[in-house]
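Read the structure below first, then the notes.
The values are calculated or read from the model by the stated rules, or taken from the named source; none is laboratory data. Just so it is clear, the model here is predicted, and its values are computed rather than measured. Ideal geometry is used to build each Cβ from the backbone, glycine not excepted, and the neighbour counts take in all protein chains shown. Just so you know, the surface numbers come from the protein's heavy atoms only, side chains and all, with ligands and any DNA or RNA stripped out. Shrake-Rupley method; radii C 1.70, N 1.55, O 1.52, S 1.80 Å.
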Amino acid sequence: MSAETLAKPDPVVNAEEDDEDILPADMFEEPAGFRPPSPPPTSEEFIREPEHIGEGTLIYSLEVRLVGRHSLWAHKLWNAGLSMTKYLDKHKDLYVGKRVLELGAAASLPSLICAVNGAKKVVITDYPDPELINNMHHNAAQNAPDALADGVVQIVGFQWGTPIDDLLTALGGPTEKFDLILLADLIFNHTEHQNLLKSCREALAPGGLVITTFTQYVSPFLIFGAPPDNVSLTPQYSHVVKWSDRDDKFFEYAVEEPYKFQVEKIYEERWSAMFPNDTGDEDVRSTVHAFKLW
């Protein structure tokens, strides 16, 4: 064997070209029709009680668009949100001329009733997902266009427990905080209790109030999906009640350091069950609970 043969270098291999030979460029692309298309958006109307409508207003209802499907359950208008909106429409003294923040707003119905009834500022927030943010803009433009145009309504993507700088900026500066914070059906997120409380404590003005509404129930259809047509319910689809002790942890954390909130129940009321085909305890899945923290 000659020295020339020994010294001959190995051929240069282009790694990218080699990968393309082994792994087709489109191998991770889902074939057409692999996933069913997302359902189209839906809309629901909140009709105000006549006795809650102020003189001179022409706003008798609010219509909100709901995203077709979302992993954060923003595609439903939950009883807890409807109940809170009704309560706020009745108790305008809680927010007229004041600064309001809603966390996890989704369709934003509680925020919108505050806006049309004369809140000084309404900051509507949810997870910073473009679909959610765009939908909140849509609902504000449809139901409170003047407040949105005037900057009374601000929409901010916000993840609970993160710095609140953007929320305070929406109010006009770091010295401003919120007189009322709204949590409509959020405490089922058991792993997020402390993040929620952290954001509330940091954003709440002295003398301010947090209101939370919730049910202690989640439909199995949200966990497992709807059963096939004409198939009777199996144990997999039977009633699933959320662990009430885990819901209650929110309030246990709230009164402890570093939050040191005081907690008081405001009301509970019955609504029609959202999933009539479920066989679970109707009292549990129909009852909305409301608490205030300060």
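The amide H of Phe261, built 1.01 Å from its N in the peptide plane, has Val255, Glu256 as neighbours under 5 Å, considering only residues 5 or more places off or on other chains. Placing R0 at 25 angstrom, the Cβ-Cβ distance between Glu51 and Asp283 gives a FRET efficiency of 0.35 after rounding to 0.05.
Note that the range 180-186 has calculated 3J(HN,Hα) couplings of 9, 10, 10, 10, 9, 6, 10 Hz, one per residue in order, obtained from phi through the Karplus relation 6.51 cos²θ - 1.76 cosθ + 1.60 (θ = phi - 60°); glycine and proline are x. From the cross-link list Lys86/Lys121; Lys121/Lys249; Lys121/Lys265; Lys92/Lys249; Lys98/Lys249; Lys177/Lys292, which pairs have alpha carbons spaced over 28 Å apart? Where the Cα-Cα span goes over 28 Å, the pairs concerned are Lys121/Lys249; Lys92/Lys249; Lys98/Lys249. Given R0 = 25 Å, the distance between the Cβ atoms of Asp245 and Trp271 translates into a calculated FRET efficiency of 0.60. Figure note: Glu102, Glu192 ranked by solvent-accessible area, largest first, 1.4 Å probe, ligands and nucleic acids not counted: Glu192, Glu102. Sequence-ordered 3J(HN,Hα) estimates for the range 281-293 from the Karplus curve with 6.51, -1.76 and 1.60 and θ = phi - 60° stand at 4, 5, 4, 5, 7, 10, 8, 9, 10, 10, 10, 10, 10 Hz, glycine and proline given as x. Sorted largest first, the spans of the alpha carbon positions of the range 101-195 along the three principal axes are 37, 29, 23 Å. Around Leu167, under 12 Å between beta carbons, what's the net of Lys plus Arg minus Asp minus Glu among the other residues? Summing Lys/Arg as +1 and Asp/Glu as -1 gives -2. Quick one: grab the alpha carbon gyration tensor of the range 78-125, order the square roots of its eigenvalues as a ≥ b ≥ c, and give me rounded if a/c is under 1.5, else prolate or oblate depending on whether a/b is larger than b/c. Cα axes put the range 78-125 in the oblate bin. Amide H contacts of Leu66 (H built 1.01 Å from N, in plane; Pro and chain starts excluded): Thr42, Ser43, Glu44 sit under 5 Å, all sequence-distant by 5 or more or on other chains. The amide H of Val123, built 1.01 Å from its N in the peptide plane, has Val100, Leu101, Glu102, Gln154 as neighbours under 5 Å, considering only residues 5 or more places off or on other chains. Taking all protein chains as they are arranged and a probe of 1.4 Å, the heavy atoms of Ile59 leave approximately 50 Å² accessible to solvent. Solvent-accessible area of Val152, all protein chains in place: 40 Å² (probe radius 1.4 Å, heavy atoms, ligands and nucleic acids excluded).
For the range 106-136, the residues whose amide N sits under 20 Å from a probe point set 7 Å from the Cα of Asp166 along the beta carbon direction are 106-109, 111-112, 121-136. Remark: spin-label model distance Asn134-Gln159 equals 2.1 nm, labels positioned 7 Å along the Cα→Cβ axis. Judged by the gyration tensor of its Cα atoms, with axes a ≥ b ≥ c, the range 44-175 is oblate; a/c meets the 1.5 cut and b/c is at least as large as a/b. For Tyr87, Tyr127, the ranking by accessible surface with the largest value first comes to Tyr127, Tyr87, using a 1.4 Å probe.
Among the protein heavy atoms, those of Arg270 account for about 130 Å² of accessible surface (1.4 Å probe, every chain in place).
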